[in-house]
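**Student:** Sending over a structure as structure tokens; questions will come in a sec.
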Amino acid sequence: QAADWLAGVARGSPSAKLNFHMDPLSALAAAGASPGPVESHLVSAATVAARLAARHPQAGLFLASGRIVHEAGGGEAAELAFAAASALAYARAAVRAGLSMDEAWGGIWLGLSADADYFVTLAKMRAARAVWARLTGACGVCVPARIEARSSHRMLAARDAWTNMLRLGAACAGAAMGGADAIVLGTFTDPLGLPTAFARRQSRNTQLVLMEEAHIGRVADPAAGSGYIEALTDAMARAAWARFQALEAAGGVIAALESGLVLRQAEEAAEARAAAGEPRIVGVTAFPPEAEAPIEVEPAPAVPAAAAPDPRLPGPDTRCPPLVPVRLSQAWESR
């Protein structure tokens, strides 16, 4: 319904570069249940996608996102694997709905998180393109990957939140140098509340400075040829492909969600991170301030109840262990 509303706004503009970003699989993973069989939601979304693709040929139809795994503590390989498995599920549904293979794959964007470790973020974007190329090549399609990177929420700290500006800047730089096609930055106040005009301006200007003054976008792949980056990219892509194969061997992404395999993959990374000991988080475990400067946030507005379409479809709900988001600094901030 939301996709139809957006298409209605752009009625008369067939060349509009819309992004409908339909992603029922991430919604299932986040909520732990879908209102009716999630397979029916895939069919419904694919039917809408086929209809809208004819009216808006340049639109992005699906968002195959691995961010839900990242925010739940998962590693880069698990994030990429979930995104790839979601992309395959969406492409299959779109082809069954009447789209050609090129149209189906061409209508999918990959959604990934950009973290404060810009080398890891950079390599992840490059590894995503390698995984995508292998996946689409196996389907006999030559469609370039389109990646939307959003700043990680789990990397942000509530204590001394001013330091989040550093993390957001590093995340944006890593995503840009890694070749993300679109970058969306959160604000440094996100762990505390809604951003003020100042916080929103900081988020916007971070991107403008990197684009207009650092000229990051002038080089297509600035890390190409670096032994460290090439090795990290290759290792990440191989690990992601192995995890993707495990998801497919389990019956596909939906079955892997239902069985808890996706959650276990995320938990493995979280356990390894915990075993490594206390992390160095600027402003929290490293260089904490003697006295915190106050940070303003906007109060949550009162939102009146509004009628909305019922998302329920006939049949039993699909259920899975939910992937609960966690901020990595949360446990240390309470000490």
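**Student:** At most 13 other Cβ atoms within 10 Å and a DSSP loop assignment: could you name the GluC sites (Glu not before Pro) in segment 204-234 that fit?
**Tutor:** GLU213
**Student:** Work through the residues other than HIS41 whose Cβ is under 12 Å from its Cβ and net out their charges, Lys, Arg +1 and Asp, Glu -1. Please report the intermediate quantities before stating the final value.
**Tutor:** Values: positive: ARG312; negative: ASP23, GLU39, ASP317.
For residues surrounding HIS41, the net value is -2.
**Student:** Using modelled backbone amide H atoms (1.01 Å from N, in-plane), which distant-in-sequence or interchain residues come within less than 5 Å of GLY36's amide H?
**Tutor:** Those lying under 5 Å, H to H, from GLY36 are LEU313, ASP317, THR318.
**Student:** Run the numbers on the chain and let me know its relative contact order in percent, using alpha-carbon pairs under 8 Å that are six or more apart.
**Tutor:** Rounded, it is 26 percent for the chain.
**Student:** After finding the eigenvalues of the alpha carbon gyration tensor for segment 30-82, what semi-axes result from the square roots of 5 times each, listed largest first in whole Å?
**Tutor:** Numbers: eigenvalues 134, 56, 10 Å².
The three semi-axes for segment 30-82 are 26, 17, 7 Å.
**Student:** Quick one: Cα convex hull volume of segment 1-160, Å³ per residue?
**Tutor:** Each residue corresponds to 128 Å³ of Cα convex hull volume.
**Student:** Same structure, new question: Taking K and R as +1 and D and E as -1, what net charge do the other residues with C-beta under 13 Å from the C-beta of ARG280 add up to? Let's see the in-between values first.
**Tutor:** Values: positive: ARG167, ARG273; negative: ASP117, GLU278.
Its environment carries a net charge of 0.
**Student:** Packing-wise, with mean Cβ within 10 Å as the measure, how do 93-106, 267-280 rank, highest first?
**Tutor:** Most protected by this proxy first, the peptides run 93-106, 267-280.
**Student:** Given that compact globular proteins tend to follow 2.2 N^0.38 Å, what is the ratio of the alpha-carbon Rg of the chain to that value?
**Tutor:** Scaled against compact globular proteins, the figure is 1.01.
**Student:** Helices from the chain with mean Kyte-Doolittle at least -1.0 and a Cα length along the axis of 18 Å or more, per DSSP H: which?
**Tutor:** Flagged H segments are 38-55, 76-96, 118-138, 164-178, 197-212, 227-249, 261-275.
**Student:** So which trypsin sites (Lys or Arg not before Pro) in segment 153-252 end up in coil per DSSP with only 16 or fewer other C-beta atoms within 10 Å?
**Tutor:** none
**Student:** Around GLY75, which amide H atoms from residues at least 5 apart in sequence, or from another chain, sit under 5 Å from its own amide H, with H modelled in the peptide plane?
**Tutor:** Hits under the 5 Å cutoff: ALA269.
**Student:** When you have a sec, figure out the Kirkwood radius of segment 216-281 from all distinct Cα pair distances and drop it here in Å to one decimal?
**Tutor:** Every distinct Cα pair counted, the radius reaches 14.7 Å.
**Student:** Rank these for me by crowding, PHE287, PHE188, PHE82, going from fewest to most other beta carbons within 10 Å.
**Tutor:** The most exposed by this proxy come first: PHE287, PHE188, PHE82.
**Student:** Among 321-332, 61-72, 8-19, how do they line up from the highest to the lowest mean number of other beta-carbon atoms within 10 Å?
**Tutor:** 61-72, 321-332, 8-19
**Student:** If neighbour count is taken as other Cβ atoms inside 10 Å, put CYS172, CYS142 in order from fewest to most.
**Tutor:** By the 10 Å Cβ count, ascending: CYS142, CYS172.
Computed from the coordinates by the stated procedures, all read-outs in this text should not be read as laboratory data. These numbers were taken from a predicted model, which means no experiment stands behind them. Every residue, glycine among them, receives a Cβ derived from its backbone with ideal geometry; neighbour counts consider all protein chains shown.
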